1. Is one or more of the residues making up region 52-59 exposed (fewer than 12 other Cβ atoms within 10 Å of the Cβ), within 29 Å of residue 26 (Cα to Cα), at pLDDT below 95 and touching a strand residue (DSSP E or B) at 6+ places or on another chain (Cβ under 8 Å)?
2. If you take just the helices (runs of 4 or more DSSP H) that sit entirely in region 49-130, which of them hold at least 1 residues that are closer than 15 Å to residue 39 by Cα?
3. Being under 19 Å from residue 139 (Cα atoms) and touching a helix residue (DSSP H, G or I) at 6+ places or on another chain (Cβ under 9 Å) is the filter; apply it to region 6-18 and report the residue that is modelled with the lowest pLDDT.
4. Scan 147, 114 and give me the residue that is surrounded by 11 or more Cβ atoms within 10 Å (Cβ to Cβ) and within 18 Å of the chain's Cα centre (by Cα).
5. Of (1) out of contact with any helix residue (DSSP H, G or I) (no Cβ under 8 Å at 6 or more places or on another chain); (2) at pLDDT below 95; (3) assigned to a helix (DSSP H, G or I), residue 30 satisfies all except one. Which?
């Protein structure tokens with residue numbers, strides 16, 4: 001029995017398992033496609049969260065990244081040392097600060113995105129038009145699942 005036949009007859013639970021495994025493996029491979037540098041995955045992830053959110057308190061960033069506040073303090077400290085993140089006073093709570101990517105941080109993030117997009121484009125170019133169309137449709141479905 002071919003893999004295609006197995007997938008066509010899979011139950012929802014079997015499909016969930018195969019799909020989850022494929023997404024995890026693919027995500028791991030995409031994460032490896034990054035510019036060579038000294039930023040860790042955790043630092044890149046935090047910088048990405050700040051870029052996408054615009055600005056967050058340290059607690060919000062820790063919650064977004066699903067790490068404990070002391071861990072996020074260390075990550076933010078390293079990003080600040082490199083000039084990638086800046087702190088500003090919270091507009092309504094003097095006990096809080098707001099974290100945001102600096103111009104240099106936004107440039108590092110953009111380079112990170114370019115490298116990942118180039119990696120992905122190279123892999124997509126090797127596929128047939130029908131396979132690319134299937135992935136386009138799958139991307140729409142995955143985005144829909146992520147919103148629900």
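1. Going residue by residue through region 52-59, those that are exposed (fewer than 12 other Cβ atoms within 10 Å of the Cβ) are 52, 54, 59.
So of that shortlist, the ones also within 29 Å of residue 26 (Cα to Cα) come out as 52, 54.
When the remaining residues are screened for being at pLDDT below 95, the result is 52, 54.
From the residues that got through so far, the ones that are touching a strand residue (DSSP E or B) at 6+ places or on another chain (Cβ under 8 Å) too are 54.
There is at least one residue in region 52-59 that is exposed (fewer than 12 other Cβ atoms within 10 Å of the Cβ), within 29 Å of residue 26 (Cα to Cα), at pLDDT below 95 and touching a strand residue (DSSP E or B) at 6+ places or on another chain (Cβ under 8 Å).
2. Working: elements: 58-65, 69-81, 103-125.
In region 49-130, 69-81, 103-125 are the helices (runs of 4 or more DSSP H) which contain 1 or more residues that are closer than 15 Å to residue 39 by Cα.
3. It comes out as 7.
4. On the way: 147 fails: surrounded by 11 or more Cβ atoms within 10 Å (Cβ to Cβ).
The unique qualifying residue is 114.
5. Of (1) out of contact with any helix residue (DSSP H, G or I) (no Cβ under 8 Å at 6 or more places or on another chain); (2) at pLDDT below 95; (3) assigned to a helix (DSSP H, G or I), only one is false for residue 30: (1).
The values are calculated or read from the model by the stated rules, or taken from the named source; none is laboratory data. Here the structure is a predicted model, which is why all the values come from computation and not from measurement. Glycine also receives a Cβ, built like all others from the backbone with ideal geometry; neighbour counts cover every protein chain displayed.
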